[in-house]
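Taking it in order: structure first as structure tokens, then the write-up.
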Amino acid sequence: MFACIRLRPGLKALWLLAAPFVAGCNREAEPSQRPPAPPAHQRMLDVLAAEARRGASDNPFFGKATLERLHAEFGQRGAAAPWQLRLELGTEELRAGHERDGIKILADARWALQRGTIPGDAQAAVAISFQLATGWLRLAETENCCAQPTQDTCILPLRGSAIHSRREGAERAAELFVEVLRNTAPDDHWHYAARWLLNVAHMALGDHPDGVPAEHRIPAEHFAPEAPFPRLLDVAPATGLDTWGCAGGVLLEDFDGDEHLDVLASDWHPSGQLRLFRNQRDGTFAEVTERAGLFGLTGGLQLVCADYDNDGDRDVLVLRGAWSFEFGQVPNSLLQNRGDGTFTDVTFAAGLAEPALPTQTAAFLDFDRDGWLDLYVGNEHSPRQTAPSQLFRNNRDGTFTDVAAAAGVANHAYAKGVAAGDFDADGWPDLYVSNIDGPNRLYHNRGNGTFVDVAPRLGVTAPHAGFPTWFFDYDNDGALDLFAANYDTGIGHLASHLLGGSLHWEHLRVYRGDGKGGFRDVTATLGLAMPALPMGSGFGDLDNDGFPDFYLGTGDPNYYSLMPNLLFRNEGGQRFTNVTMASGTGHLQKGHGVAFADLDGDGDQDLFCVVGGAVPGDAFRNVLFENPGFGNHWLAVRLVGQESPRDGLGARLCAVVREGGHERRVYAQVGPGGSFAGSPLRVHLGLGRAEQLERLEVRWPKTGQLQVVTGLSLDRAVRVVEGQEGFTTLDLQPVPFRRK
């Protein structure tokens, strides 16, 4: 439900302060005991500390300046303050996490409108009552879900221990949403939005659907399990990964070289500490943030992982400044892995720090096929902030040079998603850029250092208001397909869709690739023509059947955007089935960084999501949904490039198996699993009911050479080195997650 600010015992809300720190974690050393940081690293720490101090006042999402200005104006105007000012002030108090203060301001405004002591029309009354209801629903969650979190907390449909014991908040909210419904037209967006939230409020009270007036009821069938699918339980609290924070990214990757996947998560609050958790191989994760040299590295809405310096370990890029226009001129961080899971910030030395432009999306790719990873950063260009996108060519000496203008990929649009993939199979990686303010781009790599936008010609500019995007092979035919989502739907559209209403909305797109450079829109055929509001999202193969499923983390900065995150199961490449309710993954909190990975080593992918919204009052704890298993086979492959980039990024894999007496192929590409995702670069291939694994084919990205590996067994993790015969088996013993 709506996010809350009450922390469970032992956690500290330090992220609300202005100086950088480790939020809610046990420090491994006092600041005076830490060794001095290298000069370039210290320079970044100083920049981020200054940004945290500035952000405490000026940041549009976390600063107090707006609230102070509104209070000053309200104080000057007193009883004559118009409803618009009262609405803005009350809503801002809610955003700051001051529920009771916001509720009082909005309740007083409602009363003044009803008595006629301040002028206002029907629109004013609806706006005030709607936001007041939102405030009460937020308070209901703070007093219930946050105070006593359970396995059912915030999972739609609300049931069992998710039912509120402290009922005032949900009861008041329900009364006010009925008022809004009486005063809005049935085909109005706010009418549908209030109807949705009214039904959610009654779920929290435990009397849905019967407690909802019949004319406003959303039938219970819309919240019933859509198809058979096992329930995934959240094991984050027991494993030590239920950290508290706002929106952020995640990486599930082996950072210390032991082949066991660790967890790195960010918090985009200017003082939100980047946090690293080491896999203890006992079903738990231990925070090693300070030991890893990450203390003081704050902010960042998304994380990207790659071995940019070809030294055999995974480095990290932290992206900052998203949604903040001129306030978002904060440098990104390139964190060089020393090889043991400790990091040094080398951004300034690498030439990536200046100019600092707002962004949340980037992709590594070897666009010139020299064996070294280059970097494309999709910046948020707008009338308020000149921010062309950047293509950094790797100079192979630890530095980068921006060649975007010469390459023709500066974009000059508000980019929110970037994906790299060779869509026409010509051997050169291409770029898809999802823009929120105009048509999307598909930059075709000409192979001579330049690109050309072919999106209009190929019909892949939609949807408008673009956000997350990725290349994947959904139908497992060896040709890359394209996923592109939009960001202009909401809870009103969701309710209208369920009830057969008339609200117009645009759906996400899936374009089926033919492997030769052509695409066809198959969204409706796949059953995906439905409203969604995805932010963090990604794909993986939960049931190990060889066909990628995907998870959408939904929401926006508005508190009323209370809608479930969505899980879709791939039905053999023929269609996708929404299994959100059946799986128990329909979390109502805002979903950001998403990753699929086998964290417990049992052969199936688990699902991690950074959960929390855009402002202080919308924070929440992260979740890790454990995969119960489907009985299918699998193969995990860690590639080691020699001529190609060291981590094999961009390589194409094909596992050839015998299943049911017939040959079957399962395809995959080395990559992060989405544009707001952080799945491992160790590829996980689901092999279904295969009886035998005949061979693995690897197409290396630099040379284009096909390497064939034989002698493999099912249900193994292996390392394959470019140009070397055979493979090495990785000794990864399954360790069950710890449970409370």
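The values are calculated or read from the model by the stated rules, or taken from the named source; none is laboratory data. Keep in mind it's a predicted model, so treat the numbers as computed, not measured. Using ideal geometry, Cβ is built from the backbone for each residue, glycine included, and neighbour counts are taken over all protein chains shown. Side chains are part of the model used for accessible areas, which takes the heavy atoms of the whole protein and leaves out ligands, DNA and RNA. Shrake-Rupley method; radii C 1.70, N 1.55, O 1.52, S 1.80 Å.
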Check: Across all directions of projection, what mean area in square nanometres is found for the Cα convex hull of the stretch 266-423?
Finding: 10.1 nm²
Margin query: Taking the Cα centre as origin and putting +1 on Lys and Arg beta-carbons and -1 on Asp and Glu beta-carbons, what dipole magnitude results for the chain, to the nearest 20 debye?
Written below: 1480 debye
Margin query: For ALA690, what residues show an amide H to amide H distance below 5 Å, using hydrogens built from the backbone and excluding near sequence neighbours?
Written below: HIS633
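Largest first, how would TYR667, TYR551, TYR487 line up by accessible area (1.4 Å probe)?
On the way: TYR667 65, TYR551 0, TYR487 35 Å².
Putting TYR667, TYR551, TYR487 in descending order of accessible area: TYR667, TYR487, TYR551.
With Cβ to Cβ distances under 13 Å as the rule, what net charge do the other residues near TYR432 carry (K, R +1; D, E -1)? Mind dumping the intermediate values first?
Details: positive: LYS416, ARG441, ARG509; negative: ASP422, ASP424, ASP430, ASP453, ASP481.
Net charge in that neighbourhood comes out at -2.
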Notebook entry, point to check: Using +1 on the beta carbon of Lys and Arg, -1 on that of Asp and Glu, and nothing else charged, what's the dipole of the stretch 425-522 about the Cα centre, debye to 20?
Noted result: 180 debye
Item checked: Whichever aspartates and glutamates have a C-alpha closer than 18 Å to that of LYS516, once near sequence neighbours (fewer than 8 apart) are set aside -> ASP422, ASP424, ASP426, ASP430, ASP453, ASP473, ASP475, ASP477, ASP481
Next item on the list: Name the residue farthest towards the positive end of the dipole of the chain from the options ILE491, ALA72, PRO645, assuming +1 on Cβ of Lys and Arg, -1 on Cβ of Asp and Glu, about the Cα centre.
Entry: ALA72
Next item on the list: With label points built 7 Å along Cα→Cβ from the Cα atoms of ARG231 and ARG689, find their separation and express it in nm.
Entry: 2.8 nm
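So for the stretch 381-474, considering every pair of alpha-carbon atoms, how many percent are separated by more than 18 Å?
On the way: 2053 of 4371 pairs.
Everything past 18 Å amounts to 47 percent.
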Margin query: Placing unit charges on C-beta atoms (Lys and Arg positive, Asp and Glu negative, everything else neutral), compute the dipole magnitude of the stretch 403-462 about its Cα centre in debye, rounded to 20.
Written below: 140 debye
Checklist line | Crossing angle, helix 39-58 versus the chain [Cα axis fit, 0-90 degrees, rounded to tens] | finding: 20 degrees
Check: Heavy-atom accessible area of SER713 with all protein chains present, probe 1.4 Å, nearest 10 Å²?
Finding: 60 Å²
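Which of the three applies to the stretch 255-322, rounded, prolate or oblate, going by the alpha-carbon gyration tensor with a ≥ b ≥ c and a/c under 1.5 meaning rounded? Provide the component values of the computation, followed by the final result.
Values: a/c = 2.14, a/b = 1.27, b/c = 1.69.
Oblate, since a/c reaches 1.5 and b/c is not below a/b.
In µm²/s, what is D for the stretch 193-321 at 20 °C and 1.002 mPa s, where D = kT/(6 pi eta Rh) by Stokes-Einstein and Rh is the Kirkwood radius from Cα pairs?
On the way: Rh = 18.0 Å.
Rounded, D is 119 µm²/s.
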Next item on the list: Enumerate the calculated ³J(HN,Hα) couplings along the stretch 153-165 in order (Karplus 6.51 cos²θ - 1.76 cosθ + 1.60, θ = phi - 60°), each rounded to whole Hz, writing x wherever the residue is Gly or Pro.
Entry: 3, 6, 9, 7, x, 5, 7, x, 6, 7, 5, 6, 8
Checklist line | Distant alpha-carbon pairs in the stretch 487-544 (separation over 20 angstrom), percent | finding: 41 percent
Notebook entry, point to check: In deg cm²/dmol, rounded to 500, what helix-only [θ] at 222 nm does the chain give when every DSSP H run of at least 4 residues adds -39500 (n - 2.57) and the total is split over its residues?
Noted result: -6000 deg cm²/dmol
Next item on the list: Using Cα centres only, tell me the gap between the stretch 576-654 and the stretch 481-534 in whole Å.
Entry: 22 Å
Check: What nm distance separates the two modelled labels at PHE74 and ARG100, each placed 7 Å from Cα along Cα→Cβ?
Finding: 1.5 nm
Margin query: Whole angstrom only: what separates the Cα centroid of the stretch 423-445 from the Cα centroid of the stretch 99-113?
Written below: 49 Å
Checklist line | Cα pair distances in the stretch 426-540, grouped into 5 Å bins until the bin that holds the longest one, percent each | finding: 2, 12, 20, 23, 19, 12, 7, 3, 1, 1, 0
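Express the C-alpha Rg of the stretch 496-651 as a ratio against the empirical globular expectation 2.2 N^0.38 Å, rounded to two decimals. Don't skip to the end; give the middle numbers.
Details: Rg = 17.5 Å, N = 156, 2.2 N^0.38 = 15.0 Å.
The value comes to 1.17.
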Notebook entry, point to check: Could you state the number of Å between the C-alpha centres of the stretch 209-248 and the stretch 273-346?
Noted result: 31 Å
Check: For GLU259 and ALA50 in one chain, what is 0.36 nm times their gap in residues minus the Cα-Cα distance, to one decimal in nm?
Finding: 71.6 nm
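Can you put VAL708, VAL522 in order of accessible area, largest first, using a 1.4 Å probe?
From most exposed to least exposed: VAL708, VAL522.
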Notebook entry, point to check: Quick one: Kirkwood hydrodynamic radius for the stretch 592-651, alpha-carbon pairs, angstrom, one decimal?
Noted result: 14.4 Å
Check: Mind checking Rg over Rh on the stretch 67-145, alpha carbons, Kirkwood formula for Rh?
Finding: 0.98
Next item on the list: Report LEU499's accessible area, 1.4 Å probe, all protein chains in place, as a number in Å² to the nearest 10.
Entry: 50 Å²
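Working from the alpha-carbon coordinates of the chain, get Rg over Rh, Rh being the Kirkwood radius. Don't jump to the answer; show the numbers that get you there.
Numbers: Rg = 25.0 Å, Rh = 26.0 Å.
Checking Rg against Rh, the ratio lands at 0.96.
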Check: Any idea what log10 I(q)/I(0) is at q = 0.12, 0.20, 0.21 Å⁻¹ for the stretch 96-192, Debye with uniform C-alpha scatterers and no solvent?
Finding: -0.45, -0.99, -1.05
Next item on the list: Grab every C-alpha pair in the stretch 528-600, bin the distances at 5 angstrom width from 0 up to the longest one, and report whole percents.
Entry: 3, 17, 26, 26, 17, 7, 3, 1
Checklist line | Positive dipole terminus of the chain, leading residue within SER57, THR728, ASN632 (C-beta point charges) | finding: SER57
Next item on the list: Please give the residues of the stretch 117-153, grouped as numeric ranges, whose backbone N is less than 16 Å from a label point set 7 Å along the Cα-to-Cβ vector of ALA185.
Entry: 122-124, 126
Check: For the charge dipole of the stretch 48-141, defined by +1 on Lys and Arg C-beta atoms and -1 on Asp and Glu C-beta atoms about the Cα centroid, which residue among GLN131, THR91, THR117 has the Cα displaced farthest towards the positive pole?
Finding: THR117
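What FRET efficiency, computed as 1/(1 + (r/R0)^6) with R0 = 25 Å and r the Cβ-Cβ distance, is obtained for ARG396 and GLN724, rounded to the nearest 0.05? Each step should come with its number before you reach the end.
On the way: r = 23 Å, r/R0 = 0.91.
It comes to 0.65.
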Check: What is the gain in length, in nm to one decimal, between GLU663 and ARG281 on full extension, counting 0.36 nm per residue of separation less the C-alpha to C-alpha distance?
Finding: 133.9 nm
